[in-house]
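The values are calculated or read from the model by the stated rules, or taken from the named source; none is laboratory data. The model shown is predicted, which means the values in this text are computed figures rather than measured ones. Every residue, glycine among them, receives a Cβ derived from its backbone with ideal geometry; neighbour counts consider all protein chains shown.
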Amino acid sequence: MSCNYDLNQNILNIKGVGEKTAELFKKLNIVTVDDLLHHYPIRYEKYKNPGEIDFKTSEPLPDTVCIYAAVSGFIKKSVSNNYIINSCMLYDGKKSIKAIWYNSTYIAYKIKPGFKYIFTGRLVKRNDEVFLSHPVVYGIEEYKKLVGTFKPVYGLTGGLSGKTVIKAIKNVSYIVESIRDYLPDSIRIKYNLLSLGHALRQIHNPLSEEEILNARKRLAFDDFFLFLYNISLLKNERKNIKSSYILSYRLIGENYLKKESTGYEDTGSCEGAYNLHNYIFIEEYLKALPYSLTSAQHRVMTEILSDMSSKRQMHRLIQGDVGSGKTAVAFGAIFAAYSCGFQGAVMVPTEILACQHYKFLLSVISNMKNPPKTALLTGSVPKKEKLAIYELIKNHDIDIVIGTHAVIQEGVEFSKLAVVVTDEQHRFGVKQRQSLYNKGSDSVMPHVLVMSATPIPRTLALILYGDMDSSVIDTKPEGRLPVKNVVITPKQRNKAYIHIDREIKNGRQAYIICPLVEESEGIEAENLYNYREKLAKSILKNYNIDIIHGKMKQSDKDKSMSKFIDRKTDILISTTVIEVGIDIPNATVMMIEDAQRFGLASLHQLRGRIGRGDFQSYCIFVKTDQNELSKKRLDVVGKSNDGFYIASQDLKLRGPGELFGLMQSGIPVFSFSDIFNDSKIFDDAKSAVDDINDRSVEIYADEAAVLSQKIEGYQKEFYNKINL
């Protein structure tokens, strides 16, 4: 049955909700009736049989108590003109306890001395006195009806009480059973889901724990389904976006020649080829590399070039563990575009990483007969030089650009931007990424390739990049030895120094990572400058020691890195500024101080800076606290070098919002569901989306119309949230 009630009407139309209350609701993003119905309880308190005043002040106090007692004397004490404390003694026939209400003048009229009531509330201990803080009062007959049922507890804001929220929801509860469900019946039946109306009734007013679980299952399913269905529509739309930048050559005799800048006839196209050797576009690039690609790199490169040889826009994610060779594959796409007469751009989040990529690029083209014209574009490039680079890019006198946010600044115009690579995509906001994609000429969308520095668990990958095709480089170059890990305490630090000393004497180098640049009040952790002084008094004092951190000028950072690369520095003390992109095979030791202060993903990325050569490498994690969560985190990274396993554990321990900064990525964190604990529901929602897209379930025309309307509304809300 359809609901004639307008769910989008303002909550001011709800009985008992005035303008002041509506303003308080607004602070919780509750403006409409629909918003209110989807403001779910954060937990439930079960109405239990009342007990006696029975507790010991020396023991931990229970969270809440429910007592049956008589009011023994009443005191009204005015603390100030605007702040009143009401208090009374409660007596259950054996023991007494004080009850206190703050700024609740109504209580003086609700309870009377000598009468018995049920009191439920929180016990508070202050100055060796235990009292009942702001208890809710029930009449005896009133409470009898509630015993065994559940009281929903909602997230609140200052001035808004739980009673007000419960009352407002109760005043619109009569409409929920008749709300038109947007989910087709075939989906609800297949996945054993409640109707939306039943789920809303049971989540706000459950009669049993089973009702809470069933309601939660349906509403968590909605959380996932709406997101995944929206992503699937976006992916289908992108599949229909055509690209004018098709990799194609003309065959003249036995030689493949680069096409002219006009007249892109499609003779000799490699579209549809599935073997990397068919792609003449990157032949010179592959020869210029100082190593051979692994089989996994070959496979992923073939997938990329197949996309770029088709008539549709590529939108692909490259995943791989640290050291798997994602950068070499991504640059293959850039060179393929260059060899066909187009331009390519790489955007990275930090100048250090931009410089690292640019050095890699220069080293490769130094071995080429026909090298591309290149440019490095970062925030530290002088304005006059920037303007000159802008002009060269616009006139196609630059073929490949590598840079930071400077690449998307106003004034940067490309002539024929065919492919865009973004490294560490999760560090860029949606607008930043889209700004680069829109740099193509005449609104022609370039091919898009994304590299994720952090391996992503399957479920989270679907959420972050569900609209993209995905490639995984699942092997590392042959001959690399796995890093050996050890977790130590500060008392064992000198043993670690002895090991570092031994490695340096063997011609190797070491990193030491500190969480802070300078000493910080209130934070007990190692910092760079104090640590350098500490090393000057240790057995490592005679070695060349340098520092690097994000607050340094770019020129100073470059000097520090150059000295380390040239082996003029033995030990580099750093913050996480070196977390990604630094590739120095001679560095074989990393010692991470206060390791518990870093997330697992960061620890794994830091460790990825070593183990990049033919020598055995070692990572030393210094744990300075005994927190149980810290122990679990360091146990994971200390026992495994598998980035995908570590990422899944990090997701479990820290949650997706903290792990990836999803709001900064433009992806809203789910408000009601949890992608780790609700993985079965997530899989069901994904299957339901596939069912609808594959037309494997029956959906009637009226159901399809309701679903479409729901998705349209969801999309508007979704894109408002990610408009960063």
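The figures follow:
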| read-out | value |
| --- | --- |
| Counted residues, the stretch 306-352 - those being surrounded by fewer than 23 Cβ atoms within 10 Å (Cβ to Cβ) and hydroxyl-bearing (Ser, Thr, Tyr) | 5 |
| Among (1) within 26 Å of Val17 (Cα to Cα); (2) surrounded by 21 or more Cβ atoms within 10 Å (Cβ to Cβ); (3) within 34 Å of the chain's Cα centre (by Cα), the one test that Pro184 misses | (1) |
| Odd one out for Leu213, checked against (1) more than 30 Å from Cys88 (Cβ to Cβ); (2) surrounded by 14 or more Cβ atoms within 10 Å (Cβ to Cβ); (3) without any contact (Cβ under 8 Å) to a residue 40 or more places away in the chain | (2) |
| Test: residue in the stretch 613-622 that is hydroxyl-bearing (Ser, Thr, Tyr) and outside any loop (DSSP other than H, G, I, E, B) | yes |
| Residue in the stretch 549-559 that is in contact with a strand residue (DSSP E or B) (Cβ under 7 Å, 6 or more places away or on another chain) and among the aliphatic types (A, V, I, L, M) present | no |
| Filtered residue count, the stretch 231-245, keeping only those that are out of contact with any helix residue (DSSP H, G or I) (no Cβ under 6 Å at 6 or more places or on another chain) and part of a helix (DSSP H, G or I) | 8 |
| Of all residues making up the stretch 669-682, the number that are part of a helix (DSSP H, G or I) and in contact with a helix residue (DSSP H, G or I) (Cβ under 8 Å, 6 or more places away or on another chain) | 3 |
| Odd one out for Ser671, checked against (1) at pLDDT below 85; (2) closer than 26 Å to Phe598 by Cβ | (2) |
| Residues (under 17 Å from His38 (Cα atoms) and part of a loop (DSSP other than H, G, I, E, B)) located in the stretch 197-212 | Asn205, Pro206 |
| Selection within the stretch 115-136 - exposed (fewer than 11 other Cβ atoms within 10 Å of the Cβ) and at pLDDT 90 or above | Phe115 |
| Of residues in the stretch 531-544 being in contact (Cβ under 8 Å) with a residue 12 or more places away in the chain and outside any loop (DSSP other than H, G, I, E, B), the one farthest from Ile573 (Cα to Cα) | Leu535 |
| Test: residue in the stretch 272-283 that is at pLDDT 90 or above and either more than 20 Å from Asp683 (Cα to Cα) or part of a helix (DSSP H, G or I) (or both) | no |
| The stretch 571-590 residues that are modelled with pLDDT of 95 or more, paired with ones that are of a type in the set (Gly, Ala, Ser) and part of a helix (DSSP H, G or I) (beta carbon under 9 Å, 6 or more apart) | Leu572/Ser560; Val589/Ala496 |
| Test: residue in the stretch 547-566 that is among the β-branched types (Val, Ile, Thr) and over 26 Å from Leu376 (Cα atoms) | no |
| The stretch 301-340: number of residues that are under 27 Å from Ile582 (Cα atoms) and part of a strand (DSSP E or B) | 6 |
| Criterion violated by Leu193 - all others in (1) modelled with pLDDT of 95 or more; (2) assigned to a helix (DSSP H, G or I) satisfied | (2) |
| Selected residue [modelled with pLDDT of 90 or more and either closer than 30 Å to Gln313 by Cα or out of contact with any Phe, Trp or Tyr (no Cβ under 8 Å at 6 or more places or on another chain) (or both)] from Thr489, Thr454 | Thr489 |
| Criterion violated by Thr588 - all others in (1) among the hydroxyl-bearing types (Ser, Thr, Tyr); (2) over 19 Å from Tyr529 (Cβ atoms); (3) part of a helix (DSSP H, G or I); (4) in contact with a strand residue (DSSP E or B) (Cβ under 7 Å, 6 or more places away or on another chain) satisfied | (3) |
| Residues located in the stretch 100-148, provided they are over 14 Å from Tyr68 (Cβ atoms), not in a strand (DSSP E or B) and not basic (Lys, Arg) | Asn103, Ser104, Thr105, Tyr106, Ile107, Ala108, Tyr109, Pro113, Gly114, Asn127, Asp128, Gly148 |
| Qualifying residue in the stretch 431-439 (condition: modelled with pLDDT under 90 and among the hydrophobic types (A, V, I, L, M, F, W, C)) | yes |
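Yes/no per residue for (1) in the same structural domain as Glu717 (by TED's automatic domain parsing); (2) over 23 Å from Lys170 (Cβ atoms); (3) free of Cβ contacts under 8 Å to residues at least 24 places away in the same chain; (4) surrounded by 11 or more Cβ atoms within 10 Å (Cβ to Cβ):
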{"site": "Glu19", "(1), (2), (3), (4)": "no, no, yes, no"}
{"site": "Leu28", "(1), (2), (3), (4)": "no, no, no, yes"}
{"site": "Asp34", "(1), (2), (3), (4)": "no, no, no, yes"}
{"site": "Glu52", "(1), (2), (3), (4)": "no, yes, no, yes"}
{"site": "Val71", "(1), (2), (3), (4)": "no, yes, no, yes"}
{"site": "Tyr106", "(1), (2), (3), (4)": "no, no, yes, no"}
